[in-house]
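This report refers to the structure that appears directly beneath it.
The values are calculated or read from the model by the stated rules, or taken from the named source; none is laboratory data. Everything numeric here is computed off the predicted structure, so don't read it as measured data. Ideal geometry is used to build each Cβ from the backbone, glycine not excepted, and the neighbour counts take in all protein chains shown.
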Amino acid sequence: MTDTTTDRASTTGVALRDATPDDIPTILALVRELAEYERDPEAAVATPELLYAAMFASGAVAHAVMAEDGDEPLGFALYFFNFSTWTGRPGLYLEDFYVRPFARGRGIGTTLFRHLARIARERGCGRMELSVLTWNLEPMRLYERLGGQRLSNWTTYRFDESTIAKLAGDE
């Protein structure tokens, strides 16, 4: 993992660092704030145990970067690595990207995103991807300002837990 102790938002002094197990309550609080912002608070059902297993236990699959000003958490980015047969390389998928409303406009989102780009480069990733709600224009403008390309020929499908169970023959 990248040493994040030197990453700072240029205009703010906000520090970025890799998440630790002690950050799980904060990450859950930020996830719930994000779910509320995205108008789907009931969908945020992760528990501390599930996040610990996904991020810190043997076989961990997810990683997070915390953005802080002193001891105050201002935001986070949670990501994982996938794989593209087209590029023949891993990709970085940004699952959650959130800066608290009171901290926006300080360059924190840009700093977090550039930090993720360095992680992707260090890991040999061929691409970085994320999904954004169609009405969430402020982040879209950031992603486009940073060079992100909106994919117009793709539609996202989701198979939830109950559908997976049906498909697997459990129901």
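Tabulated data
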| read-out | value |
| --- | --- |
| Every residue from the stretch 46-58 that is surrounded by 11 or more Cβ atoms within 10 Å (Cβ to Cβ) and either in a loop (DSSP other than H, G, I, E, B) or of a type in the set (Phe, Trp, Tyr) (or both) | ALA46, TYR52, PHE56, ALA57 |
| Per-region count, the stretch 77-97, residues outside any strand (DSSP E or B) and among the hydrophobic types (A, V, I, L, M, F, W, C) | 1 |
| Among residues of the stretch 153-171, those that are at pLDDT 95 or above and aromatic (Phe, Trp, Tyr), counted | 0 |
| Tabulated pairs, the stretch 86-103, first over 20 Å from ARG123 (Cα atoms), second part of a loop (DSSP other than H, G, I, E, B), C-beta under 7 angstrom, 6+ apart or interchain | none |
| Test result for LEU74, outside any loop (DSSP other than H, G, I, E, B) and free of Cβ contacts under 8 Å to residues at least 60 places away in the same chain | no |
| Filter result for GLU129 (in a helix (DSSP H, G or I), among the charged types (D, E, K, R) and closer than 27 Å to MET66 by Cβ) | no |
| Residue in the stretch 12-41 that is nearest to the chain's Cα centre (by Cα), counting only those that are farther than 23 Å from ILE119 by Cα and not in a helix (DSSP H, G or I) | GLU38 |
| Filter pass, GLU144 being acidic (Asp, Glu) and touching a Phe, Trp or Tyr at 6+ places or on another chain (Cβ under 9 Å) | no |
| When residues of the stretch 121-171 are limited to those that are over 22 Å from LEU34 (Cβ atoms) and under 17 Å from the mean Cα position of the chain (by Cα), the one surrounded by the most Cβ atoms within 10 Å (Cβ to Cβ) | CYS125 |
| Residue in the stretch 69-120 that is surrounded by the fewest Cβ atoms within 10 Å (Cβ to Cβ), counting only those that are under 17 Å from ASN136 (Cβ atoms) and among the acidic types (Asp, Glu) | GLU95 |
| Conditions (1) crowded, with 16+ Cβ neighbours inside 10 Å; (2) at pLDDT below 95; number of the one not met by ALA64 | (2) |
| Single match in TYR93, TYR143, TYR98, TYR79 (criterion: hydroxyl-bearing (Ser, Thr, Tyr) and at pLDDT below 95) | TYR143 |
| Qualifying residue in the stretch 98-109 (condition: outside any helix (DSSP H, G or I), aromatic (Phe, Trp, Tyr) and touching a strand residue (DSSP E or B) at 6+ places or on another chain (Cβ under 9 Å)) | yes |
